[in-house]
1. Normalised by the residues of region 136-333, what does the relative contact order come to in percent, with Cα pairs under 8 Å and at least six apart?
2. Leaving out same-chain residues fewer than 8 places away, which aspartates and glutamates sit with a Cα under 17 Å from that of LYS288?
3. Between region 658-694 and region 274-312, what is the separation of their alpha carbon centroids in Å?
4. What value does region 360-404 have for Rg/Rh, both radii from Cα atoms and Rh as Kirkwood defines it?
5. Given the C-alpha centroids of region 48-72 and region 407-454, what is the distance between them in whole angstrom?
6. If you stretched the chain out fully between THR129 and SER203, how much longer would it get, using 0.36 nm times the residue separation minus the C-alpha to C-alpha distance?
7. Assign unit charges at the C-beta atoms only (+1 for Lys and Arg, -1 for Asp and Glu), then state the dipole size of the chain relative to its Cα centre in Debye, rounded to the nearest 20.
8. Tell me the mean residue ellipticity at 222 nm calculated for the chain from its helices only (DSSP H runs of n ≥ 4, each -39500 (n - 2.57), averaged over every residue, nearest 500).
Amino acid sequence: MSLRPLLSAAVLTLSSALAQAGPPLLADGIHRPVRASAQTPTAVLGYSPSHMDRSVDPRQDFYAYANGQWLRQLTIPDAESDIGGFSLLGKHLDTQLQGLAVQASQRSSPRGSPAQQVGDYYRAAMDLTQRNAVGLQALQADLESAARVIGPVELAQLSLRLQASTGNSPLLNWVTMPDLKDSRRVLLTLQLGALSLSKDQYSDPASQKVRELYVDYVTRVHQQLGDAPDVAAAKARTILALETALAAPRLTPLQAYDPAMIYNLMTVDEAQALIPGIDLRAMAAAAKLSLPERLQVKDLAGLRALQQLLAQRPPSEVQTLLRWSVLALNADHLGQPWLQLSQDYQRQRDGLAAPLPLERQVVQALSQQLYHPLSQLYVQQHYSEATRRDITHMVGHIKAEFARRLKTNPWLDAPTRAAALAKLAKVDIQVGYPQRWIDFSRVDIRPDDHLGNQQRLAAFQLQREVDQVGQPATRQRFAEVGHTTPISVNAAYDPQLNGIDITAAISQPPFFTPGADPVVNYCTMGAVLGHELTHGFDSMGRQFDAEGNVRDWWTPRATAEFKKRNQQLVAQFNQIQLLPGLPLDGALTLGENTADLGGLTLAHAALHRTLKGRSLPPVDGLSTDQRCFVAWSQLWIYKAREERIRFLAAVDYHANSAVRGYAPLMNLDAFHRAFATRPGDAMWRQPADRVRVW
C-alpha cells in the first residue's frame, strides 16, 4: 500500500506510476495476444526500422506495421505484468541504479552522505539472514497496540504512529498541499489511508479471483501468527468486509481528478464532527503539529464511511483490521515467512510465474525511499549535461510552437486566447534534476536494520509535511516519488506550480537519443514535451490559471467549444475494446488522450518549422512524416497480462499503451497524407470527425 496525495505535483504525467495498460482490440476487433515467457528481447530500444512489419498495410493496422517484428520478439518476463518501452527502459535503469548501490555499499563514505545512505540501505535490505533473525520484534509494540486500541484518542495516536513508521496509516494521514485557490498557501489535509485493493476490485465481478487470493493471503498470515485455520479464515473475511465498506463510497478515480470534488475547507471542529471516532487534536499532538484554523478534507463520503465503521462495528473487528494493517504495511520489509507470503500473493494476483529478483526489488524500494540521494549519484555518473542542453533547446521550440497555435486557434475567442497565452508564457519547464536537492543527511541509515531504515525514512517524510504547515508554499522540484524524481522514467506537469519536470531517466532511448535523426527525437521527446505542455490546457489543467490557482479564466463561448471537442475525443476512445467486453474509458483517460494528441501535433509542427521548409531525403524508405509517426508508435510498443489490463482499465488515467501508438494519429491530417489513407481503410477517419483541440 502507498500514500500519494491527489493533485500533487505530477498528477498529470506521461506515464502511470503503475505501468501502462495492454494490447487492445482495435475498432475492427484486431486482438494482439498476450504470451508470457522468461525471455526478453535483444533488439535495440527505441526507434528502428527493424521493428517494423512492412508486410502489414499501414492503412489497415498502423500499430502492427510500425511494431510488428518487435511485437513478435517481445515476450513478458515471468516476474513482470507487462513489457514495453517504459518497462524495458525501467529494467535498464534498475541495472544502472543497482551498479551505483553496489558501488556505494562496497566503500566507506562520510556519514549522512548520499553514498553512505544508499550503500547502507542496500546492504541492510539485501541481508535476508539479518531480516529473518529480527522477525517481528520491531513490530511487536504496534501489533499489541492495534490488538487493544479503543477510543478516539488511542485510535488517533495509533494512526499517527503508523503513518510515521510506514508512510500510510489505514485510518487517517496528515499531508500538505498548496491551496487549490491560492497556491501561495499550504493547506493541512486530512487524507484517508490507502487500502490493499483498488476501489473497483472490492466489488467488480471480474475481480472475484483477486478477492479470493487476498482472503487466502490474509488467512495464511494469521495462521503464521498462531491462529487456528478457521479463526484465521474468519478474520480474513472480516477484514475484506471492512475494507469493502470503506472502499464503496470513496471517490472514483475520475471524481478524484476533479478539483471541485476534493476542495473541502472547514474548521478543525467541523472536521472533527465528521470523524468523532478519531481525536484529530490528539493525532496532531502526536505529530507535534499545531493545527491551523482550517483543514482540507479531500473525500467527504470516504471519511463518513470510516466514522460509520468505527461507530457501528465491534471494537474487536476494528482491532483485527488494524493489526492486519501493521503486518501488511511492513511485510515486504520483513524476513521470512512474511516476505514470502506477501510475494506469493502479489505473484498470484498479477498472474506472474516468479517474483522479481531480490536485487531489483531492493533497487526499486531504494528508488522510492532515498529518491534524492540515489538521484544525485545517478546524475553524477549517468546523465550528460549535453543531453540536458539539447532537450532544453527543444523545449523552447515546442513552447514557441504552442504559442503560435494559440494565436491562430480558430475556436478561441480573444479574452480566452490572451489568458491562455499568458499562462503558457509562465509555464516553468526544468530538465534533468532540481536546482536544490532535498537534504536526507539527518536520516540514520544503518547497514544492519532494514525495517528500522524504512521507519526512520517514513518519519522523515512525515516531519517534512509537518514542517510545511503555517509556512508559505515552496514547491520542491523533481520530488514526486515514482513520478518526477530524476530516476523516474517520466515527465510531469504540475497544475498548481504551472511547471513541468522532465526527468534525467527519461532522457535516453526510446525517448531521446543524443545525435540521432532529429525527426525521431522531435516525434518522441518533442512529443513528450508537447504532451506535458498540453496538460496545462486539458480538461483538468484548464481549470488552473497562470499562477496555479483554480479559477475560471474562460468565456462561456470558449468553454462550450472546448467541451464539444472533449466530447468528441471521449466518444472516439469509448469505441475501443481493450479485451472482449472491456471497453476503454474515454472519460477517465480524456486528459491524457488530449495531451497525446496535443503533444504529437506540437512536435510535428515544431519539427517542420525547425526544418524551415527543407525537404529531407527518405531514410529507410520512409519520408520525414512517415518516420515521425512510426517513431511515435514505437514509443508505445507493449504487451501485458490480462490481469494487468483489467486492473489499469479501472484506475489508470492513461489509455492503453498500444492504443496510444495509433489512436492520436487518426486525428492528424498529416498522418493521412503521409500514408495515403482513404475511405474504407481501418485507419481512415473522415476529416470532419478528426478532433483538433490545440
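Every read-out reported here was derived from the displayed coordinates using simple, explicitly stated rules and does not represent laboratory data. Quick caveat: nothing in here was measured; it's all calculated off a predicted structure. Every residue, glycine among them, receives a Cβ derived from its backbone with ideal geometry; neighbour counts consider all protein chains shown.
1. Relative contact order comes out at 31 percent.
2. GLU154, ASP279, GLU465, ASP467
3. Using only Cα atoms, the two centres lie 50 Å from each other.
4. On the way: Rg = 15.8 Å, Rh = 12.8 Å.
Expressed as Rg/Rh, it is 1.23.
5. 36 Å
6. Numbers: separation 74, 0.36 × 74 = 26.64 nm, distance 3.98 nm.
Separation in residues times 0.36 nm, less the Cα-Cα distance, equals 22.7 nm.
7. 1340 debye
8. Taken over the chain, the calculation gives -15500 deg cm²/dmol.
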